[in-house]
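> Input: one structure, supplied below.
The values are calculated or read from the model by the stated rules, or taken from the named source; none is laboratory data. Note that the coordinates shown come from a computational prediction; the quantities given were computed from them, not determined experimentally. Positions of Cβ are generated from backbone atoms using ideal geometry, with glycine treated the same way; all protein chains shown enter the neighbour counts.
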Amino acid sequence: MRAVAEDRLPNTSEAFSKHIDRCLGCRACEQVCPAGVEYGQLLEASRFELLTAQPKQDLAHKLLLFMLRSVWTSPSRLRFFFSASRLFRDLRLAKLLFRSGIVKLFSSRAHLALALLENSRDQLNVKRTQYVVSKTDRPLEHVMLFAGCVGEGLFERVNTATRRVLEVNGFEVNAPRDQVCCGALHAHAGDLEGARKLARQNIQAFGGSEPVITNAGGCGAMLASYAHLLHTDEAAAFSARVRDVSQQLGTCEILKGTPIDERTTYDASCHLLYGQHAGESSLRMLTSIPNLNFTNLEGAERCCGGAGIYNLLETEMSARVLQEKLTNVQATGAEVLATGNPGCQMQIGAGACLNGLALKVCHPVELLDESYERAGYYE
């Protein structure tokens, strides 16, 4: 990066592009850098440099840019895309095609994409019908929920669980209708202008001073970086309001639920851990489940290889990173793995599926929601 900035290395060189492309962007290096260099921001700037200097011409990258610029920035098109994806998943077509292996004959990436989509499915099957939270004498605090594009599109149950858990703990939740994608995928791909456009829309949608609650590590880290992305006082004020749901619950005495017997482990989302510095908050949230059959996961702080859509662009490297994670998960004997990011849920779930492991993957707030459901906190 420095060599390119100082014109000692051309920004079209293979050495530069190879290094930047293969980086997961997990930001773990930031935690051990004695100078406190925010490498994630430098990585995004470098990918912008690459996108400007030498846009890739292969089909995967062309399709990526088309989706980011023509679909992800249009709420109506994005809703249609996710509606079609959900229908394809819920009709079991993704599962059927994946198990048939036909797609793999033509494209290993498409085969992986089917596994990822299939593993966005609800794996806990908690009853989440229309509900009224039981009365509480706790004073209400108003918060605003960032639903997220993938969250609302494929993981609506996590948003429902987040809302229910917050409400039963005394928070009044509002989700602004005009919110859009956080822009993380754009920034990671080097499309910083696309990310800025979305950031401005979100800042306007989330007017006010209430905490902005997320349940996705990637989204939360991106929202928290709006200050750097836009360099305005308004963006800085917005970023300061961003909290993961586990951080928000940490501001009160969390209600205890009822026990869950299945052996459970926890994997930290990189962006939740290194971007929002909230990895331990999710662990504390899980302690609100009495007598949880919990076992620690070795290497929980290491990346699973998902990294946005890194798994679809750098499939070989992603698979190597994931294999270490799966080996450690298998060693725990866990039946359930909780992780605080939808991309991580799909990545680890798909890996388990591809390797024949019996593993349910969910968000920590889903487990707490299930515990509350069993405890009768919802009417």
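> Do you know which residues across segment 92-118 are assigned to a helix (DSSP H, G or I) and among the basic types (Lys, Arg)? Explain how you work it out, then say what you get.
Going through segment 92-118, the residues assigned to a helix (DSSP H, G or I) turn out to be 93-100, 103-105, 108-118.
Passing the criteria: 95, 99, 104, 109.
> Turning to a different aspect of this structure: Based on this model, can you work out whether residue 246 counts as closer than 20 Å to residue 326 by Cβ, among the polar types (S, T, N, Q) and either crowded, with 23+ Cβ neighbours inside 10 Å or in contact with a Phe, Trp or Tyr (Cβ under 6 Å, 6 or more places away or on another chain) (or both)?
Values: closer than 20 Å to residue 326 by Cβ: no; among the polar types (S, T, N, Q): yes; either crowded, with 23+ Cβ neighbours inside 10 Å or in contact with a Phe, Trp or Tyr (Cβ under 6 Å, 6 or more places away or on another chain) (or both): yes.
When the stated conditions are applied, residue 246 does not pass them.
> What is the one condition in (1) of a type outside the set (D, E, K, R); (2) assigned to a strand (DSSP E or B); (3) free of Cβ contacts under 8 Å to residues at least 40 places away in the same chain that residue 173 does not satisfy?
Unmet for residue 173, out of (1) of a type outside the set (D, E, K, R); (2) assigned to a strand (DSSP E or B); (3) free of Cβ contacts under 8 Å to residues at least 40 places away in the same chain: (3).
> Of the residues 77, 121, 89, 69, which single one is touching a helix residue (DSSP H, G or I) at 6+ places or on another chain (Cβ under 8 Å), part of a helix (DSSP H, G or I), basic (Lys, Arg) and buried (at least 17 other Cβ atoms within 10 Å of the Cβ)? Spell out the reasoning first.
On the way: 77 fails: buried (at least 17 other Cβ atoms within 10 Å of the Cβ); 121 fails: part of a helix (DSSP H, G or I); 69 fails: buried (at least 17 other Cβ atoms within 10 Å of the Cβ).
None of the others qualify; the one that does is 89.
> OK, next. Determine whether segment 157-164 contains at least one residue that is closer than 21 Å to residue 340 by Cβ and either of a type in the set (A, V, I, L, M, F, W, C) or over 25 Å from the mean Cα position of the chain (by Cα) (or both). Give the steps one after another, and end with the answer.
Quick first cut of segment 157-164, residues closer than 21 Å to residue 340 by Cβ only: 157-164.
Restricting the remaining residues to those that are either of a type in the set (A, V, I, L, M, F, W, C) or over 25 Å from the mean Cα position of the chain (by Cα) (or both) gives 158, 161.
Checked against the condition, which is being closer than 21 Å to residue 340 by Cβ and either of a type in the set (A, V, I, L, M, F, W, C) or over 25 Å from the mean Cα position of the chain (by Cα) (or both), segment 157-164 yields at least one hit.
> Could we say that residue 348 is at pLDDT 95 or above and closer than 22 Å to residue 21 by Cα here? So that I can check it myself, show each step before the final result.
Working: at pLDDT 95 or above: yes; closer than 22 Å to residue 21 by Cα: yes.
Yes.
> Scanning for something part of a helix (DSSP H, G or I) and either surrounded by 15 or more Cβ atoms within 10 Å (Cβ to Cβ) or under 23 Å from the mean Cα position of the chain (by Cα) (or both), does segment 251-267 turn up at least one residue?
no
> Moving on. Filter segment 279-295 down to the residues that are under 15 Å from residue 246 (Cβ atoms) and hydroxyl-bearing (Ser, Thr, Tyr), then identify the one that is surrounded by the fewest Cβ atoms within 10 Å (Cβ to Cβ).
Across segment 279-295, the extreme among qualifying residues is 287.
> In addition: Six or more apart or on different chains, Cβ under 7 Å: which pairs go from a residue in segment 308-324 that's in contact (Cβ under 8 Å) with a residue 40 or more places away in the chain to one that's of a type in the set (Asp, Glu)? Could you list them?
Sorted first by the residue in segment 308-324, then by its partner, the pairs are 314/21.
> Right, something else. Of (1) in contact with a helix residue (DSSP H, G or I) (Cβ under 7 Å, 6 or more places away or on another chain); (2) of a type in the set (Asp, Glu); (3) not in a helix (DSSP H, G or I), residue 234 satisfies all except one. Which?
Of everything listed in (1) in contact with a helix residue (DSSP H, G or I) (Cβ under 7 Å, 6 or more places away or on another chain); (2) of a type in the set (Asp, Glu); (3) not in a helix (DSSP H, G or I), residue 234 misses just condition (3).
> Now for a separate question. Go through segment 12-48 residue by residue and tally those that are over 26 Å from residue 272 (Cα atoms) and in contact (Cβ under 8 Å) with a residue 40 or more places away in the chain.
Residues meeting the conditions: 1.
> I would also like to ask the following. Taking only segment 36-83 into account, find how many residues are over 23 Å from residue 226 (Cβ atoms), modelled with pLDDT of 85 or more and of a type in the set (A, V, I, L, M).
1
> Quick one: is residue 36 among the small types (Gly, Ala, Ser), on the phi > 0 side of the Ramachandran plot and in contact with a helix residue (DSSP H, G or I) (Cβ under 8 Å, 6 or more places away or on another chain)?
On the way: among the small types (Gly, Ala, Ser): yes; on the phi > 0 side of the Ramachandran plot: yes; in contact with a helix residue (DSSP H, G or I) (Cβ under 8 Å, 6 or more places away or on another chain): yes.
Here the answer is yes, as residue 36 does meet what is asked.
> If only one of 42, 97 is under 24 Å from residue 353 (Cα atoms) and not polar (S, T, N, Q), which one is it? First the steps, then the outcome.
Working: 42 fails: under 24 Å from residue 353 (Cα atoms).
Going through 42, 97 in turn, the sole match is 97.
> So residue 329 clears everything in (1) surrounded by 17 or more Cβ atoms within 10 Å (Cβ to Cβ); (2) touching a helix residue (DSSP H, G or I) at 6+ places or on another chain (Cβ under 7 Å); (3) under 26 Å from residue 356 (Cβ atoms); (4) at pLDDT 95 or above except one condition, right? Which one?
So residue 329 meets the others, but not (2).
> Yes or no: segment 201-214 includes at least one residue that is among the β-branched types (Val, Ile, Thr), assigned to a loop (DSSP other than H, G, I, E, B), modelled with pLDDT of 95 or more and within 27 Å of residue 364 (Cβ to Cβ).
As a first pass, look at segment 201-214 and keep what is among the β-branched types (Val, Ile, Thr): 203, 212-214.
Narrowing the set further to residues that are assigned to a loop (DSSP other than H, G, I, E, B) leaves none.
No; the residues of segment 201-214 include none that is among the β-branched types (Val, Ile, Thr), assigned to a loop (DSSP other than H, G, I, E, B), modelled with pLDDT of 95 or more and within 27 Å of residue 364 (Cβ to Cβ).
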